[in-house]
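Participant: Let me give you the structure first, and then I'll get to my questions.
The values are calculated or read from the model by the stated rules, or taken from the named source; none is laboratory data. Values in this document were obtained by computation on a predicted structure and should not be read as measured data. Please note: Cβ atoms are built from the backbone with ideal geometry, for glycine as well, and neighbour counts cover all protein chains shown. Accessible surface is based on the protein model in full, side chains and every heavy atom, while ligands, DNA and RNA are left aside. Shrake-Rupley method; radii C 1.70, N 1.55, O 1.52, S 1.80 Å.
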2 protein chains.
Amino acid sequence: MALLVVGSVAFDAVETPFGKCEKMLGGSAAHFSISASFFTHVQIVGVVGGDFAAEDKQILDAHDIDTSDLECVPDGKTFRWYGRYDYDLNVAHTLNTELNVFAEFKPKLSEKSKSARLVFLGNIQPDLQREVREQVTGAELVALDTMNLWIENTRESLLRTIKGVDVVIINDAEARQLTGVPNLIKAAREILSWGPKALIVKRGEYGAALFTKKSYFAIPAYPLESVFDPTGAGDTFAGGFMGYLSSQQTLDDAAMRRAMIFGSVMASFNVEEFGTARVQRLTHAEINERFRAFKQMTHFEEIPFERAVPATK
Amino acid sequence: MALLVVGSVAFDAVETPFGKCEKMLGGSAAHFSISASFFTHVQIVGVVGGDFAAEDKQILDAHDIDTSDLECVPDGKTFRWYGRYDYDLNVAHTLNTELNVFAEFKPKLSEKSKSARLVFLGNIQPDLQREVREQVTGAELVALDTMNLWIENTRESLLRTIKGVDVVIINDAEARQLTGVPNLIKAAREILSWGPKALIVKRGEYGAALFTKKSYFAIPAYPLESVFDPTGAGDTFAGGFMGYLSSQQTLDDAAMRRAMIFGSVMASFNVEEFGTARVQRLTHAEINERFRAFKQMTHFEEIPFERAVPATK
């Protein structure tokens, strides 16, 4: 298996100032896998209830996503999230969460899942993330996402899990909360000292940064005149990042930098419509066009200062 | 004259969590001109009081800054600003402002000042900015800074002034306040529709962006593990930007992009020590070294997506 993701598959209900959607496919593993599917072959480990219908599964099938380890609990209900965004689309207000079958989720990996080359541990309880990580012994690169809930309530377990992964993918508030260090550069250095080879900090409308022990890489976000629904942007970024890496033979700094751009490209499409709607119908031409736009908007010539005009008085 | 700046020359008193300085050279024109002096020949139009001593003037003289249009009111006092920063160094708390001779400041331009090729209208009352702009009829490029005070209290005058300049250099909160548009990309488009050829938005620790009608360029900030005193960072940025442009024969998009980097380089040095202390003793080698660091931290190869590894199941 090329790329494995463990995480939630959910039905989201989202209200924004621009519209409302009562039920759509969501959850970290769904956003991640649809995004990654443009670059590689993905397998999901997760759980859904008896209400996960043929048309829901069809969305994953259409992207050739392997759902053989997506467990179904026929008499249970799929995880549901109800959220609202006001005009500040950076802040999600959770109206209600029904964990349903996700409350008892224990990831079960088949032999095929365990053989994954790359693994993304979506935002779930860190004990569960670590159990999965310990089973994918041959993985070349394992990345992890987390959230404030686990930083506050299960900090020791989370730190143990972070020690065992290669890449941590979080947002700037989480990096500060995790370390207690307000300066992001210092916070990043501390997280890297725990073991991971790389830290990716997502900064929403300000872009994203990649920290390694030797190198720093930072990119702006794609400039969007309107953001419609930011739900899942972080997982869509991670899907583009890990999916692109999975398509590459060498997972070096240069590949990670390009993967950061592809992650940003995918996230920028994700927020243009509700849920996974825009990403679902993307083409490789559209993805590559926006990748090239990132080059244009960050390019400058490396000409050190020399006076071309005499500084006459 | 290569580059003219009109703005405040002040004595600042600053308290930060890391230290305290009771009196040092500050003000927009001082920060701007010392920064720009590394790239070009600068002239200041401003006003000081009888308390502006030989050692204060010596700082400007040492950078070959022309102070012949820096008016002195012998029986008046120089503008004083008292400010404090808490751990969030993005927010300056003004403890006290004594405008002194600056309250009655009327820029007086000599024939030499009026012949400037490039002009920076520092953050002063927009009527005064416009008066200056109307006198520098031969200028190739005129840039303007402003602040919330003028946006709130003298909006109509400010809009008239903006129509007459080539480049607006403000921060993101000011861009939103000026237009009433929360989305920065839309706000930028609106400001450009008023007349300026370019808008530069300073985003503090997130970097800066350059908007023109045809192009978008965005860069991260230089990653600093500690910020000591952010006072004057914006004017130091503008000084690096305008100073570098002034050294170039062609003021095209490519030169503006490099100027954005040099502006960011100068601002990153400025915040490392109190006031203008760090910038004062910079060398061109240090400036060029940090310029190259910007290239390294933003570089990625432009290779569109192609699968190097077959996406095997």
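Participant: Restricting attention to region A:297-306, does a residue exist that is within 7 Å of another protein chain (Cβ to nearest Cβ), open to solvent by less than 30 Å² (accessible area, probe 1.4 Å) and part of a loop (DSSP other than H, G, I, E, B)? Give the derivation first.
Facilitator: Within region A:297-306, the first condition is being within 7 Å of another protein chain (Cβ to nearest Cβ), and the residues that meet it are A:297-298, A:300-305.
With open to solvent by less than 30 Å² (accessible area, probe 1.4 Å) added as a condition, the list becomes A:297-298, A:300, A:305.
Then keep just the ones that are part of a loop (DSSP other than H, G, I, E, B); that gives A:300, A:305.
Looking through region A:297-306, at least one residue is within 7 Å of another protein chain (Cβ to nearest Cβ), open to solvent by less than 30 Å² (accessible area, probe 1.4 Å) and part of a loop (DSSP other than H, G, I, E, B).
Participant: Here's another thing I want to ask about it. Condition (residue is farther than 30 Å from A:F217 by Cα, buried (at least 16 other Cβ atoms within 10 Å of the Cβ) and either touching a His at 6+ places or on another chain (Cβ under 9 Å) or not aliphatic (A, V, I, L, M) (or both)) applied to region B:166-176: is it met by at least one residue?
Facilitator: Within region B:166-176, one or more residues are farther than 30 Å from A:F217 by Cα, buried (at least 16 other Cβ atoms within 10 Å of the Cβ) and either touching a His at 6+ places or on another chain (Cβ under 9 Å) or not aliphatic (A, V, I, L, M) (or both).
Participant: Could you say which residue among A:V271, A:V265 is within 13 Å of chain B (Cβ to nearest Cβ), open to solvent by 10 Å² or more (accessible area, probe 1.4 Å) and in contact (Cβ under 8 Å) with a residue 24 or more places away in the chain?
Facilitator: So the residue among A:V271, A:V265 that is within 13 Å of chain B (Cβ to nearest Cβ), open to solvent by 10 Å² or more (accessible area, probe 1.4 Å) and in contact (Cβ under 8 Å) with a residue 24 or more places away in the chain is A:V271.
Participant: Between A:S110, A:S115, which is open to solvent by less than 60 Å² (accessible area, probe 1.4 Å), within 14 Å of chain B (Cβ to nearest Cβ) and over 18 Å from the mean Cα position of the chain (by Cα)?
Facilitator: Numbers: A:S115 fails: open to solvent by less than 60 Å² (accessible area, probe 1.4 Å).
Result: A:S110 is the single residue among A:S110, A:S115 that is open to solvent by less than 60 Å² (accessible area, probe 1.4 Å), within 14 Å of chain B (Cβ to nearest Cβ) and over 18 Å from the mean Cα position of the chain (by Cα).
Participant: Which residue pairs have Cβ atoms closer than 6 Å, lie 6 or more positions apart in sequence or on different chains, and pair a first residue in region A:283-302 that is among the hydroxyl-bearing types (S, T, Y) with a second residue that is assigned to a helix (DSSP H, G or I)?
Facilitator: A:T298/B:T298
Participant: Taking into account only those residues within region A:274-287 that are open to solvent by 20 Å² or more (accessible area, probe 1.4 Å) and part of a helix (DSSP H, G or I), which is nearest to the other protein chains (Cβ to nearest Cβ)? Can you show your working first?
Facilitator: The initial filter retains those residues of region A:274-287 that are open to solvent by 20 Å² or more (accessible area, probe 1.4 Å), namely A:274, A:277-278, A:280-281, A:283-286.
Adding the requirement that they be part of a helix (DSSP H, G or I) leaves A:277-278, A:280, A:284-286.
Numbers: A:A277: 21, A:R278: 18, A:Q280: 17, A:H284: 6, A:A285: 9, A:E286: 11 Å.
The qualifying residue nearest to the other protein chains (Cβ to nearest Cβ) is A:H284.
Participant: Would you point out the residue of region A:63-79, among those that are of a type outside the set (S, T, Y) and either free of Cβ contacts under 8 Å to residues at least 24 places away in the same chain or open to solvent by 40 Å² or more (accessible area, probe 1.4 Å) (or both), that is nearest to B:L184 (Cα to Cα)?
Facilitator: A:D64
Participant: Mind listing just one residue for me: the one in region B:227-246 that is part of a loop (DSSP other than H, G, I, E, B) and away from chain A (no Cβ under 14 Å) and, of those, least open to solvent (accessible area, probe 1.4 Å)? Please lay out each step first, then the result.
Facilitator: So the first thing to find is which residues in region B:227-246 are part of a loop (DSSP other than H, G, I, E, B), and the list is B:227-232.
If we keep only those that are away from chain A (no Cβ under 14 Å) as well, we get B:229, B:231-232.
Working: B:D229: 0, B:T231: 15, B:G232: 16 Å².
The extreme case among them is B:D229.
Participant: Just for region B:177-188: of the residues that are surrounded by fewer than 18 Cβ atoms within 10 Å (Cβ to Cβ) and assigned to a loop (DSSP other than H, G, I, E, B), which one is farthest from the other protein chains (Cβ to nearest Cβ)?
Facilitator: That would be B:G180.
Participant: Please work out if B:F105 is under 18 Å from the mean Cα position of the chain (by Cα), crowded, with 20+ Cβ neighbours inside 10 Å and aromatic (F, W, Y). Steps first, please.
Facilitator: Details: under 18 Å from the mean Cα position of the chain (by Cα): no; crowded, with 20+ Cβ neighbours inside 10 Å: yes; aromatic (F, W, Y): yes.
Taking the combined requirement at face value, the residue does not satisfy it.
For (1) in contact with an Asp or Glu (Cβ under 8 Å, 6 or more places away or on another chain); (2) acidic (D, E); (3) open to solvent by 30 Å² or more (accessible area, probe 1.4 Å), each residue gets a yes or a no:
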position	(1), (2), (3)
B:G7	yes, no, no
B:E15	no, yes, yes
B:K20	no, no, yes
B:G26	yes, no, no
B:H31	yes, no, no
B:A36	no, no, no
B:H41	yes, no, no
B:D61	no, yes, yes
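Participant: Taking region A:215-226 as the region of interest, how many residues are within 7 Å of chain B (Cβ to nearest Cβ), part of a loop (DSSP other than H, G, I, E, B) and either surrounded by 23 or more Cβ atoms within 10 Å (Cβ to Cβ) or touching a Gly at 6+ places or on another chain (Cβ under 9 Å) (or both)?
Facilitator: So the count comes out to 1.
Participant: Being over 19 Å from the mean Cα position of the chain (by Cα) and either in a helix (DSSP H, G or I) or surrounded by fewer than 23 Cβ atoms within 10 Å (Cβ to Cβ) (or both), is that true of even one residue in region B:194-202? Quick ask: steps written out before the conclusion?
Facilitator: Of region B:194-202, the ones over 19 Å from the mean Cα position of the chain (by Cα) are B:194-195.
In the following step, the residues that additionally are either in a helix (DSSP H, G or I) or surrounded by fewer than 23 Cβ atoms within 10 Å (Cβ to Cβ) (or both) were identified as B:194-195.
Checking region B:194-202: at least one residue is over 19 Å from the mean Cα position of the chain (by Cα) and either in a helix (DSSP H, G or I) or surrounded by fewer than 23 Cβ atoms within 10 Å (Cβ to Cβ) (or both).
Participant: Additional query: Would you check if there is a residue in region B:2-11 being under 20 Å from B:N90 (Cβ atoms) and in contact (Cβ under 8 Å) with a residue 24 or more places away in the chain? Give the steps one after another, and end with the answer.
Facilitator: Just the residues of region B:2-11 that are under 20 Å from B:N90 (Cβ atoms), to begin with: none.
Within region B:2-11 (the criterion being under 20 Å from B:N90 (Cβ atoms) and in contact (Cβ under 8 Å) with a residue 24 or more places away in the chain), the answer is no, since none of the residues qualifies.
Participant: Might you check whether a residue that is among the aliphatic types (A, V, I, L, M) and within 14 Å of chain A (Cβ to nearest Cβ) occurs anywhere in region B:13-29? Write out each step before concluding.
Facilitator: Taking region B:13-29 first, the residues among the aliphatic types (A, V, I, L, M) are B:13-14, B:24-25, B:29.
This time we only want the ones that are within 14 Å of chain A (Cβ to nearest Cβ), so: none.
No, region B:13-29 contains no residue that is among the aliphatic types (A, V, I, L, M) and within 14 Å of chain A (Cβ to nearest Cβ).
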